[in-house]
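Participant: What follows is a single structure, and I will ask about it in a moment.
Rule-based calculations on the coordinates, nothing more; no lab input. Remember, predicted model here, so these are calculated numbers, not experimental data. Cβ coordinates were reconstructed from backbone atoms using ideal geometry, including for glycine residues, and neighbour counts include every protein chain displayed.
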Amino acid sequence: MSSTAAWALSHTLLAIELVATVAFALSGVIEGARKRLDAVGICMVAGLAAFGGGTVRDVLLDRRPLFWVEHAGWVWVLMAVCMAAMLFMRTQHLEPTERAMQWPDALGLGLFTASGTQIALDVGMPAVVAVILGMVTAVFGGVLRDVVCNEIPRAFSDHRPYAMCSFAGGWVMVLGHTASWPQWAALLAAAGTATLLRAAALHLDWRLPAWQAGGEPKP
Amino acid sequence: MSSTAAWALSHTLLAIELVATVAFALSGVIEGARKRLDAVGICMVAGLAAFGGGTVRDVLLDRRPLFWVEHAGWVWVLMAVCMAAMLFMRTQHLEPTERAMQWPDALGLGLFTASGTQIALDVGMPAVVAVILGMVTAVFGGVLRDVVCNEIPRAFSDHRPYAMCSFAGGWVMVLGHTASWPQWAALLAAAGTATLLRAAALHLDWRLPAWQAGGEPKP
Amino acid sequence: MSSTAAWALSHTLLAIELVATVAFALSGVIEGARKRLDAVGICMVAGLAAFGGGTVRDVLLDRRPLFWVEHAGWVWVLMAVCMAAMLFMRTQHLEPTERAMQWPDALGLGLFTASGTQIALDVGMPAVVAVILGMVTAVFGGVLRDVVCNEIPRAFSDHRPYAMCSFAGGWVMVLGHTASWPQWAALLAAAGTATLLRAAALHLDWRLPAWQAGGEPKP
């Protein structure tokens, strides 16, 4: 790959990562607003949604500095996004619908999966552990967001493939790593797999197998 | 202890640990199914229940690799258990009752307490901290399971001694460590104490002191 | 500063820290009692409230030993406080009201903010990260307490400045650090700012901007 292409790729990845982080943060803003949190609470939930998955991964891997410490600028970006979103929602009486969020969220899922799995492989984790850490990176931000908002995590309960797409993308990353693909190719393939699977799941309305077990019925 | 006896003991311990991990995973499968999670969510809750306590202990102790990274095979065991449990529950229209789970769970409580306390003592923690970390190992998997499923942790609220049994077992471990018992004896005594106390609590229907304090009444 | 003054200051700080930890622990006892937890559950929730914030900070900073491991005596203090509080509430049919807790809680907020921010600055964190870690120290104990008790964290939802006061106090600490104030002065100024802001917010009934966004209405 020429240096120009590498430059273009790295900047493309950075742009996607920015989009994904913003999308995850916005999902926190929306959930926080629904739960009638105050402005500070909304920022904190947005922060958990955007940075939670990567932070859990870094803690499990004992990797320091945490990515949002290494790039402290991201914290400012997060605060600006929250402020802007709250102002915008107030003045415009308009709220970003969940539907509109699905596509950047799918991009984020793919990219966080790919980068999380790669980071774990780079420090020598076994394949299955790396895949799980990639999934943790992509999914646990949303899990923490939902737990703090006193909801069962949507990723576990909405019967649409989400973590599963991340899981599949992680194995593509492992494949690329084992087959010594160039890093950019493995990243692209893994992120693309997870994102496209998620997009297909949404577009084609795929469902995870319904679960008929007993226990108290819940509507 | 002869080497044959040592071999038998270490394999017995491994077998008990396997039973305990499977029991904890199944408790997650059952709770997840009750909450109508999807198949992926159920596996994640089972993973939190089985590996959560040990992971929190390892993170607090800054001990790496995490035990499920060191023995990555356990992750496959976990997935197989979840698959088998879900298939079985589907085809048999049968579900493992909580009552049936109580005995392997009591075994797990004892073993996780003993091994958790010992690991903490080995890295030089003060006695009271080691006992608390043993309790965290045994109890926090269930706590994470319940928190993610949007329930108050059963270990804190069901008014039957659970964490208390682990606490007592941990002090037996400390006693054995201080008195320089052979490791296998200390492990057995600690695990036995916690397990037998738990079994007695269940069998004799012991209750923790009821709490009469005010606040809004809850049925 | 003379050595007598330093001695007086360090003991004053220790006394305040003790008061703050006890206040945070009592907030856990009260919330646990309200939720009808058993005695062991109440102690655990009290422990999360008192030690949770500092523990999360230490884990994020990869700082060991954890403060409650370094000073294992605090664990005994915690247990004694819980026992005393439960006995007292039982025999006196009296419960510490939330109102009575607000002032030690405000002291704790200030002191934990100042010490958390300072610890983060000492290990070279960027300013904004240090401020956030100070806030985590002061606020996340209560967040963990509320999450485990199946409530949306009060710090995020009660529309009174709480985390915000901590945030402001953290920046005072950064200012003092940058301007090379003596440590005691920076600590006092930061803790004082956060505590006084919180006290003013309570006394003058300040409100964070109400949030009018849509979603399902909640009473």
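Participant: With r defined as the distance between the Cβ atoms of B:Met79 and B:Val19 and R0 fixed at 22 Å, what FRET efficiency is calculated, to the nearest 0.05? Write out the running numbers ahead of the final one.
Facilitator: On the way: r = 17 Å, r/R0 = 0.79.
Here the calculated transfer efficiency is 0.80.
Participant: Is the protein assembly as shown rounded, prolate or oblate when judged by the Cα gyration tensor, a ≥ b ≥ c being the square roots of its eigenvalues, rounded requiring a/c under 1.5 and prolate requiring a/b larger than b/c? Could the numbers behind the result be given before it?
Facilitator: Details: a/c = 1.36, a/b = 1.00, b/c = 1.36.
Rounded, because the longest to shortest axis ratio a/c is under 1.5.
Participant: Which shape class applies to region C:124-171: rounded if a/c is under 1.5, otherwise prolate when a/b exceeds b/c and oblate if not, where a ≥ b ≥ c are the square roots of the Cα gyration tensor eigenvalues?
Facilitator: Numbers: a/c = 3.71, a/b = 1.77, b/c = 2.10.
Note, shape of region C:124-171 comes out oblate.
Participant: At 7 angstrom along the Cα-to-beta-carbon line, where would the label on A:Ala72 sit relative to the other copies? Give the distances in nm, shortest first.
Facilitator: 3.6, 3.6
Participant: Rounded, prolate or oblate, given the Cα gyration tensor of region B:3-203, with a/c below 1.5 counting as rounded? Spell out each step's value before the answer.
Facilitator: Working: a/c = 1.68, a/b = 1.57, b/c = 1.07.
In terms of gyration-tensor shape, prolate.
Participant: Take every Cα pair under 8 Å in chain C that's 6+ residues apart, average their separations, divide by the length, and report that relative contact order as a whole percent.
Facilitator: On the way: 298 pairs, mean separation 48.6, N = 219.
Relative contact order of chain C: 22 percent.
Participant: How far apart are the A:Gly192 label points across copies, placing each 7 Å from Cα toward Cβ, in nm, shortest first?
Facilitator: 6.2, 6.2
Participant: Once phi is turned into ³J(HN,Hα) by the Karplus curve 6.51 cos²θ - 1.76 cosθ + 1.60 with θ = phi - 60°, what whole-Hz value does each residue of region A:22-32 show in order, with x for glycine and proline?
Facilitator: Working through the residues one at a time gives 5, 5, 5, 4, 5, 4, x, 4, 5, 5, x Hz.
Participant: Tally Lys/Arg at +1 and Asp/Glu at -1 over every other residue whose Cβ is under 10 Å from the Cβ of A:Gly142; what's the total? The partial results should precede the final answer.
Facilitator: Working: positive: A:Arg145, A:Arg154; negative: A:Glu31, A:Asp105, A:Asp146.
Every neighbour counted, the sum reads -1.
Participant: Further, regarding this structure: Taking a point 7 Å out from Cα toward Cβ as the label site, list the nm distances between C:Arg99 and the same residue in every other copy, smallest first.
Facilitator: Copy-to-copy label distances at C:Arg99, shortest first: 5.0, 5.0 nm.
Participant: Now, a different point. Which values, in whole Å and largest first, are the semi-axes of the equivalent ellipsoid of region A:1-84 obtained as the square root of 5 times each eigenvalue of the Cα gyration tensor?
Facilitator: So the three semi-axes of region A:1-84 are 27, 16, 10 Å.
Participant: While we're on this one: Compute a Gaussian network model of chain B, connecting alpha carbons closer than 10 Å, and tell me which residue from B:Pro161, B:Pro65, B:Pro104 fluctuates the most.
Facilitator: Its mean-square fluctuation being the largest, the pick is B:Pro65.
Participant: Pulled fully out, how much extra length does the chain show between B:Gln183 and B:Trp103, if you take 0.36 nm times their separation in residues and subtract their Cα-Cα distance? Let's see the in-between values first.
Facilitator: On the way: separation 80, 0.36 × 80 = 28.80 nm, distance 2.48 nm.
Length gained between B:Gln183 and B:Trp103: 26.3 nm.
Participant: Pop a pseudo-label 7 angstrom from the Cα along the beta-carbon direction at both C:Asp62 and A:Glu70 and give the gap in nm to one decimal.
Facilitator: Those two pseudo-labels are separated by 1.1 nm.
Participant: Let me ask you something else. Most fluctuating residue of B:Ala49, B:Ala84, B:Ala106 in a GNM of chain B with Cα springs under 10 Å: which is it?
Facilitator: For chain B, modelled as a Gaussian network with Cα springs under 10 Å, the answer is B:Ala84.
Participant: Taking chain C as a Gaussian network, where each spring joins two C-alpha atoms under 10 Å apart, which residue of C:Val19, C:Val128, C:Val69 fluctuates the most?
Facilitator: Of C:Val19, C:Val128, C:Val69, the Gaussian network model singles out C:Val69 as fluctuating most.
Participant: For the pair B:Ala5/B:Glu151, report the inter-label distance in nm, with labels modelled 7 Å from Cα in the Cβ direction.
Facilitator: Taking the two extended label points, one gets 4.2 nm.
Participant: Related question: Rounded to the nearest 500, what is chain B's calculated 222 nm mean residue ellipticity when only DSSP H runs of at least 4 contribute -39500 (n - 2.57) each, over all residues?
Facilitator: Working: 9 runs with 167 residues, N = 219.
Helices in chain B give a 222 nm mean residue ellipticity of -26000 deg cm²/dmol.
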